[in-house]
Amino acid sequence: MHPKGRLVQSVSLDLRCDFGSYRGMTEKLLIVLTGAGISAESGLKTFRDHNGLWENHRVEDVASPEGFRRDPRLVQDFYNARRAQLLSPEVRPNAGHEALVRLEREWPGEFLLVTQNVDNLHERAGNQRLLHMHGELLKARCLRTHAVHEWTDPILPDTRCPCCRRSGTLRPHIVWFGEMPLEMPRVYGLLARCDVFLAIGTSGQVYPAAGFVEAVPETARTVELNLEASAVSSAFGEHLHGPAGRIVPAFVDQLLENLRQS
């Protein structure tokens, strides 16, 4: 069976991956997908955990276009609170984020980090070749002009948009349920020729990201690095289970060491 279809034994921190097979990948395309699991270790609540952000709100009320039309103040307050949490001094990149910066800098081929997360922790750590498929919490979008603005303040009922100069026309630059994630043609074009695909801290429950592993070539190496098996774990060829702040640095260290021995 091809590499992305075979199910191998899950491992904790002994890293029983076939790292030797990564040698010689000097011109290969590496795509990394990250989800809420990597940000949770930086103190950010996740969407789908038992104690996560949806606990006191229905998803339809705070993360859908319909919910925004029904009660824009509720939705703005919800994201204002998340924005304030992200900007608090207690929230900072962790060792998993820092390892991905090292991977981007030292990987000898093409590299793209696609994140489902709307925080800016990858940027703060130092990643540059990344794409936010679900939008960004520190940006706001004008409903009239569709212009996107950097935004760190609360969005209130009387907040005026910088471009149209009207109040009530700004919304969080977030992809809500029922909306199309950003830059999907570009992502699928790159997945179609991907050589190594890593998924880190993802639940495997949110599409289209959960289906990315099925969009890579059959010859691609696919690795799931997660606290536990995801809903699509069986589609990956290799699995490393444990906290992202521990297994991601260990995986990156071993991967880069084997590449240096090529």
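From the residues in the range 215-232 that are part of a loop (DSSP other than H, G, I, E, B) and charged (D, E, K, R), which one is farthest from residue 188 (Cα to Cα)? If we take residues in the range 215-232 being part of a loop (DSSP other than H, G, I, E, B) and charged (D, E, K, R), then 228 is farthest from residue 188 (Cα to Cα).
Look at the range 85-98 and say how many of its residues are exposed (fewer than 13 other Cβ atoms within 10 Å of the Cβ) and in contact (Cβ under 8 Å) with a residue 60 or more places away in the chain.
Of all residues in the range 85-98, those exposed (fewer than 13 other Cβ atoms within 10 Å of the Cβ) come to 88-90, 92.
In the following step, the residues that additionally are in contact (Cβ under 8 Å) with a residue 60 or more places away in the chain were identified as none.
Counting residues in the range 85-98 that are exposed (fewer than 13 other Cβ atoms within 10 Å of the Cβ) and in contact (Cβ under 8 Å) with a residue 60 or more places away in the chain gives 0.
What's the number of the condition residue 250 fails, among (1) part of a strand (DSSP E or B); (2) touching a residue at least 60 places away in the same chain (Cβ under 8 Å)? Only one criterion is unmet by residue 250, namely (1).
With assigned by TED's automatic domain parsing to the domain that holds residue 31 and without any contact (Cβ under 8 Å) to a residue 60 or more places away in the chain as the only criterion, which of 124, 82 stands out?
Values: 82 fails: assigned by TED's automatic domain parsing to the domain that holds residue 31.
Going through 124, 82 in turn, just one is assigned by TED's automatic domain parsing to the domain that holds residue 31 and without any contact (Cβ under 8 Å) to a residue 60 or more places away in the chain: 124.
Please verify whether residue 218 is among the acidic types (Asp, Glu) and not assigned by TED's automatic domain parsing to the domain that holds residue 61, treating the condition exactly as stated. The answer is yes for residue 218.
Residue-level check: of (1) assigned by TED's automatic domain parsing to the domain that holds residue 213; (2) at positive phi, residue 189 misses just (2). Selection of the range 150-173 for residues being surrounded by 15 or more Cβ atoms within 10 Å (Cβ to Cβ) and within 23 Å of the chain's Cα centre (by Cα) yields 151, 171, 172, 173. Considering only residues in the range 174-197 that are surrounded by 15 or more Cβ atoms within 10 Å (Cβ to Cβ), touching a Leu at 6+ places or on another chain (Cβ under 8 Å) and free of Cβ contacts under 8 Å to residues at least 60 places away in the same chain, the one that is nearest to residue 219 (Cα to Cα) turns out to be 182.
A quick yes/no check of all residues on (1) of a type in the set (A, V, I, L, M); (2) at pLDDT 95 or above; (3) out of contact with any Gly (no Cβ under 9 Å at 6 or more places or on another chain):
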| site | (1), (2), (3) |
| --- | --- |
| 129 | no, yes, yes |
| 139 | no, yes, yes |
| 146 | no, yes, yes |
| 166 | no, yes, yes |
| 170 | yes, yes, yes |
| 181 | no, yes, no |
| 186 | no, yes, yes |
| 194 | no, yes, yes |
| 213 | yes, yes, no |
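Of the residues examined, residue 76 is not one that is farther than 19 Å from residue 180 by Cα, modelled with pLDDT under 95 and not in a loop (DSSP other than H, G, I, E, B).
None of 257, 238, 228 is touching a strand residue (DSSP E or B) at 6+ places or on another chain (Cβ under 9 Å), exposed (fewer than 14 other Cβ atoms within 10 Å of the Cβ) and either farther than 30 Å from residue 76 by Cβ or outside the structural domain of residue 101 (by TED's automatic domain parsing) (or both) except 228. Here is the figure for the range 198-209: residues that are surrounded by fewer than 23 Cβ atoms within 10 Å (Cβ to Cβ) and modelled with pLDDT of 95 or more total 1.
The values are calculated or read from the model by the stated rules, or taken from the named source; none is laboratory data. This structure is a prediction, so every number in the text was calculated from the model and none was measured. No Cβ is skipped: glycine too gets one built from the backbone with ideal geometry, and neighbour counts run over all protein chains shown.
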